[in-house]
Amino acid sequence: MKRLLQYSALITSLAGCSSDNDKAGAYDQSNYVSPEQQAEDRANELRERLGERYGQEAARYALQIFENGRRIREHPQKRPQIDGLEKRIRGQFPLITPPRLFGFIDEPREAENLAQLYQARARVLEKSRKDHIELPMSFIIAALCNEGHSLDVDRNSSATGGFANYGLDTFGSEFTKIAARGYLPDSFRNRFRTSEHFNEQHRRVTSANFERKEDAFEAFVATLAHRQYLFQEDLGRNGINVEAIPREQILFFTYKYYNGGPNSIERLLQRKSAQALDAFYQRTITIGSTGNAYVVLAGHLWLEQSGATDPHPEGKYWWSRE
């Protein structure tokens, strides 16, 4: 009987502990925040922080692109749709494999890069509108990824080195011309320091190291804009109507001018023919700055045609029609 009473007391004690735990659980339950609500709270905090630093428009764009990435990544038709897109691009450019850039723009931790890049692009395009410069975000992202690792948040590399990460080999010596065109303010010279390097041709070049990553982004976009302007100027000097050059080819030659230098198609231009430019473009050469231009253009088309960088995607793509 004594042992039975001991068991009874133990059960009562355990029951009491259980009752206390239930009360604690009820208290915790009243403060429970669902994973969905936590995700929304984090998104709001990120939107507020990005908006304060880069403006509300840049913040909205960055978060929209992340949301595009999530929807593409989670869509059940992702694999066949992406495979089909890549097959079409490879059909257009034989021997060129489209770079898979999706992984650099589909996570919340990558949103700040996108906001910085959006702000940089907006500033440069506002100043270069008079020259009819066109630089889609998809093209800028593809060009950046071909030049270095500035968009790779997992890579420990210098985010402000113009030579190593942005291909800005001659920015230090080219800045005066870019500023003269109005694409960057004269005061921008206070946001970088020149640095001397040897390029792939073993020639000494004057590049730049920047104060902040967003400064490097702005310099990169401004240099792309300037190279596109130089290409258009070369067309005019050789009697070629810029309106006769398709949009894809303008972007292709913009990057060739960036990667290979403004004199990289001098002989081609001397033929004074849009048809000659088209014939060159259709050849799909895989080496040098020409090969790099195809890789960048393929990456741009991948991002653009998938809808990954579209700020207003609803109803336009296989992943946004539901």
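Restriction of the trypsin sites (Lys or Arg not before Pro) in segment 142-210 to DSSP coil positions whose beta-carbon has at most 15 other beta-carbons within 10 angstrom yields R155, R203. With a simple spin-label model that places each label point 7 Å from the Cα along the Cα-to-Cβ direction, the separation between E134 and R109 comes to 3.7 nm.
Charges were assigned to the Cβ only: +1 to each Lys and Arg, -1 to each Asp and Glu. The resulting dipole of segment 127-170 about its Cα centre is roughly 240 debye. Only Lys, Arg, Asp and Glu carry charge here, each on its Cβ (+1 for the first two, -1 for the last two); on that basis segment 47-306 has a dipole of about 320 debye about its Cα centre. Listed cross-link partners K177/K213; K130/K272; K130/K213; K78/K130; K127/K256 are compared with a 32 Å cut-off, the Cα-Cα value being larger for K78/K130.
A short reminder: the numbers here are calculations on the coordinates, not readings from a lab. Every value quoted in this text rests on a predicted model; they were computed, and no experiment measured them. We place every Cβ from the backbone using ideal geometry, glycine too, and count neighbours over all the protein chains shown.
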